[in-house]
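What follows is a short report on a single structure.
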């Protein structure tokens, strides 16, 4: 499913280049942002569609396989603000390391350069789609699969490690690896204890939302 999402993103990139007539070897900054917005939107929509398809056709349904169940509003809202606080705290911890690296994570640079519909698309991806789909994939499907085979602590650790490692596909995100590990652990613990993805999704939404707001408001 993860590979399928990337195939969809690459396909969307080729289609965008063909439709717009852009020179794929010499994209302008704005064109680079636009193609990134399109491919990212398609990628995360494909992730969601594949997750729904697999759990419906092969599994026991999204409710059982992914933990897509209702939760109380209070704890969910609290988890969102915990995500904001976690981003602030981890940002302070990681800040000294970030001074050693000039490059910023790709999506942050693109948000900085984007405007118009491209900016809207990237904001939707970074602040909404990415947190939701990543939680369903890593704390839903992966974590629940691991819990059937491993003790809870080991399942939480493995799922958090995989989640953090995947973010290294963008090498500029390496400086944030400790933050991704902590986010993965906290999200997994919330998912295990509550039996629902609602709180871990809210936590991740709050974590990403603060970064998006800070970058866009500059």
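Values in this text are rule-based calculations from the coordinates and carry no lab data. Note that the structure is predicted; figures quoted are calculated from it, not measured. Please note: Cβ atoms are built from the backbone with ideal geometry, for glycine as well, and neighbour counts cover all protein chains shown.
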- Any idea what the relative contact order of the chain is, in percent, if you count C-alpha pairs under 8 Å spaced at least 6 apart? 29
- Note on the structure: To the nearest 0.05, the calculated FRET efficiency linking residue 30 and residue 72 through their beta-carbon distance, R0 being 41 Å, is 0.40
- Task: Quickly rank 3-11, 191-199 as a protection proxy: mean count of other C-beta atoms within 10 Å, highest first.
- Result: 191-199, 3-11
- Rounded to the nearest 0.05, what FRET efficiency is calculated for residue 23 and residue 54 with R0 set to 41 Å and r the Cβ-Cβ distance? 0.60
- Message: If I stretch the segment between residue 150 and residue 85 completely, what's the gain in nm (0.36 nm per residue apart, minus their alpha carbon distance), one decimal?
- Response: 20.4 nm
- For labels at residue 6 and residue 112 in the simple 7 Å Cα→Cβ model, what's the distance in nm? 2.6
